[in-house]
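Q: Structure below; questions to follow.
Read-outs: derived from the displayed coordinates by stated rules, not from any lab. None of these values were measured; they are calculated from a predicted model. Quick reminder, even Gly has a Cβ in these numbers, built from the backbone with ideal geometry, and neighbours come from all protein chains shown.
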Amino acid sequence: MMEYYELHPVTPQLRYINKAVEVLKQGGVIIYPTDTVYGLGCDIFNKEAVERIYSIKNEAGTKLFSFLCADLKDISKYAKVSDYSYKTMKRLLPGPFTCVLPAAREVPKKLWTKRKSVGIRVPDNEIARTLVKELGNPIISTSVTTRKGELLYDPEEIRYILNTQVDLMLASGVLNSKTSTIVDLTGDEAEIIREGKGDINILA
């Protein structure tokens, strides 16, 4: 049975976040709010937990997951950041964007694309960012869906559907939003791979 806690979106209760951190450290899988939709996550360095997420999502292991960093400073540990990509990310983050960057060796190869890149998010959400800060390293960020791939927005519905598959949920109301906009920053100019939430005119 899933542990379930409701958090204040602006001043989240640290005791509940720390419970989630303990679950992550023990190789657990959690659900948490972002600035777009609810995320399904685990420690990126726990291979078994990553495999559990593939199973929950009903994915074959070929879909690539992005991951959360706490702030821009952390990104350089996990990706190769050029002057251009850094300046662009300063305009986009924190925010509802996933930035695709060349992977650093620190990142497990399971999260690399064939082009040796990774997707990184710094969401404009206090709960998600505090979670990563308290854990001390990134967590997987993939949207919470049914096994058919339909997005789930309501915490009560999520709790009902995933109660036996996930270890803990941090809830913060209904998140009825689009998924993040994916921006490829591996080249000399930004390329939008998927348009979602977020003002793409920032890139103009």
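Q: In the range 105-125, how many are in contact (Cβ under 8 Å) with a residue 24 or more places away in the chain and outside any loop (DSSP other than H, G, I, E, B)?
A: Total meeting the criteria: 7.
Q: For ASN137, are the conditions met, namely being out of contact with any strand residue (DSSP E or B) (no Cβ under 6 Å at 6 or more places or on another chain), in a helix (DSSP H, G or I) and under 23 Å from SER82 (Cα atoms)?
A: On the way: out of contact with any strand residue (DSSP E or B) (no Cβ under 6 Å at 6 or more places or on another chain): yes; in a helix (DSSP H, G or I): no; under 23 Å from SER82 (Cα atoms): yes.
Here the answer is no, as ASN137 does not meet what is asked.
Q: Right, here's the next one. Is it the case that THR11 is closer than 13 Å to SER141 by Cβ and either touching a residue at least 24 places away in the same chain (Cβ under 8 Å) or of a type in the set (S, T, N, Q) (or both)?
A: Working: closer than 13 Å to SER141 by Cβ: no; either touching a residue at least 24 places away in the same chain (Cβ under 8 Å) or of a type in the set (S, T, N, Q) (or both): yes.
The answer is no for THR11.
Q: Across the range 72-101, which residue is nearest to THR181 (Cα to Cα) among those that are in a loop (DSSP other than H, G, I, E, B) and under 13 Å from the mean Cα position of the chain (by Cα)? Talk me through it step by step, then tell me what you get.
A: So the first thing to find is which residues in the range 72-101 are in a loop (DSSP other than H, G, I, E, B), and the list is 80-82, 93-96.
Now drop any that are not under 13 Å from the mean Cα position of the chain (by Cα), which leaves 94-96.
Values: PRO94: 13, GLY95: 10, PRO96: 6 Å.
My answer is PRO96.
Q: Quick one: in the range 56-104, of everything that is touching a residue at least 12 places away in the same chain (Cβ under 8 Å) and among the β-branched types (Val, Ile, Thr), which residue is surrounded by the fewest Cβ atoms within 10 Å (Cβ to Cβ)?
A: ILE56
Q: Among the residues of the range 140-175, what is the count of those that are in contact with a strand residue (DSSP E or B) (Cβ under 9 Å, 6 or more places away or on another chain) and among the polar types (S, T, N, Q)?
A: Counting residues in the range 140-175 that are in contact with a strand residue (DSSP E or B) (Cβ under 9 Å, 6 or more places away or on another chain) and among the polar types (S, T, N, Q) gives 6.
Q: Now a separate question. Confirm whether TYR38 is farther than 18 Å from PRO123 by Cβ and hydroxyl-bearing (Ser, Thr, Tyr). I'd like the intermediate steps shown before the answer.
A: Numbers: farther than 18 Å from PRO123 by Cβ: no; hydroxyl-bearing (Ser, Thr, Tyr): yes.
For TYR38, the condition - farther than 18 Å from PRO123 by Cβ and hydroxyl-bearing (Ser, Thr, Tyr) - is not met.
Q: Shifting gears a bit: Of the residues in the range 140-194, how many are touching a residue at least 24 places away in the same chain (Cβ under 8 Å), in a loop (DSSP other than H, G, I, E, B) and among the hydrophobic types (A, V, I, L, M, F, W, C)?
A: The number of residues fulfilling the criteria is 6.
Q: Within the group ILE127, ILE75, ILE161, ILE53, which residue is touching an Asp or Glu at 6+ places or on another chain (Cβ under 9 Å) and at negative phi? Give the derivation first.
A: Values: ILE127 fails: touching an Asp or Glu at 6+ places or on another chain (Cβ under 9 Å); ILE75 fails: touching an Asp or Glu at 6+ places or on another chain (Cβ under 9 Å); ILE161 fails: touching an Asp or Glu at 6+ places or on another chain (Cβ under 9 Å).
Checking each option against the conditions leaves just ILE53.
Here is a yes/no grid of residues against (1) under 22 Å from LEU7 (Cβ atoms); (2) crowded, with 22+ Cβ neighbours inside 10 Å; (3) hydroxyl-bearing (Ser, Thr, Tyr):
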{"position": "LYS109", "(1), (2), (3)": "no, no, no"}
{"position": "VAL122", "(1), (2), (3)": "yes, yes, no"}
{"position": "ILE127", "(1), (2), (3)": "yes, yes, no"}
{"position": "GLY136", "(1), (2), (3)": "yes, no, no"}
{"position": "ILE139", "(1), (2), (3)": "yes, yes, no"}
{"position": "GLY149", "(1), (2), (3)": "no, no, no"}
